[in-house]
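Following: one structure in C-alpha cells, then a few remarks.
Every read-out reported here was derived from the displayed coordinates using simple, explicitly stated rules and does not represent laboratory data. Keep in mind it's a predicted model, so treat the numbers as computed, not measured. Reconstructed Cβ throughout: ideal geometry from the backbone, glycine too, with neighbour counts over all protein chains shown.
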Amino acid sequence: MINYAKAKLANESIYEIVPGGLRENADKSKLTIIALLGNRTLSAVDSETDVAANVTTIIILDSAGEETDIKKGYKYQIGCKKQKGYVVGRESVDTGTVDADGNAIIEYQDVTATVVIIELVTGDVRAELDETKKEVSELNATVDALVVASLEG
C-alpha cells in the first residue's frame, strides 16, 4: 500500500495526492491537485471544490500527516475531471524465477487508480474589476432614480 501526501481543505476534507500530483505555476495563480477519487463521486468533488471558502487555504500534509506547506489565495475552481487508469506508482513483482547467479528476477508493474484532477485559480483581477465597475454603475443608476423620485415627490 502506498502512503500518499494529502491536501486538507479549509472545510477539513482530505484528499490523497498522487506522486507528482501537486502542481503550482510559477506566479502561483494556478494550482492543480491530482488526487485519488476513492469513494467520492466526481459531482461531490466538484461541488466541494467549487466553494471558494473551501479552497482559500489548503494545507499540504506528508504521508505521516505532518504539515509541510500551506497554499493560500485560491478562489475559483476552473476544472474538475475524473481520469481512470492513472499511474500512481510502481510495484515489484517476483516472477518466481532466478537469474544465473541465483537472484530472484523481479519485474515492475504500474499501479493505476481512478483520480480526480482539480484546477484552482486565484482569480482574474481584470474580470473582477469589470464586475465591480458594473455593480457601481448599477448602484449609481439606482441612486439617480431615487434622487429623481424624491425631487418629484
Apply the Debye scattering formula to the stretch 79-126, with a single equal point scatterer on each alpha-carbon and no solvent, then give log10 I(q)/I(0) at q = 0.15, 0.18, 0.19 Å⁻¹. -0.61, -0.71, -0.74
Go ahead and set up a Gaussian network model of the chain, Cα springs under 10 Å, then flag whichever of THR95, THR56, THR41 fluctuates most. THR95
Given pairs LYS8/LYS81; LYS30/LYS81; LYS30/LYS82; LYS28/LYS134 and cut-off 26 Å on Cα-Cα distance, the over-length ones are LYS28/LYS134
Taking a temperature of 37 °C and a viscosity of 0.692 mPa s, what whole-number D in µm²/s does Stokes-Einstein yield for the stretch 67-153 with Rh from Kirkwood over alpha carbon pairs? 166 µm²/s
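Percentage of Cα-Cα pair distances in the chain greater than 20 Å, rounded to whole percent?
Of the Cα pairs, 62 percent sit more than 20 Å apart.
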Starting at the first residue of the stretch 108-123, write each ³J(HN,Hα) from the Karplus equation 6.51 cos²θ - 1.76 cosθ + 1.60 with θ = phi - 60°, in whole Hz, x for Gly and Pro. 10, 10, 6, 9, 10, 7, 8, 10, 10, 10, 10, 10, 10, 10, 6, x
Considering only DSSP states other than H, G, I, E and B, which chymotrypsin sites (Phe, Trp or Tyr not before Pro) in the stretch 16-118 qualify as loop sites with at most 16 other Cβ atoms within 10 Å? none
Roughly how big is the chain's charge dipole about its Cα centre, with Cβ charges of +1 (Lys, Arg) and -1 (Asp, Glu), in debye to the nearest 20? 180 debye
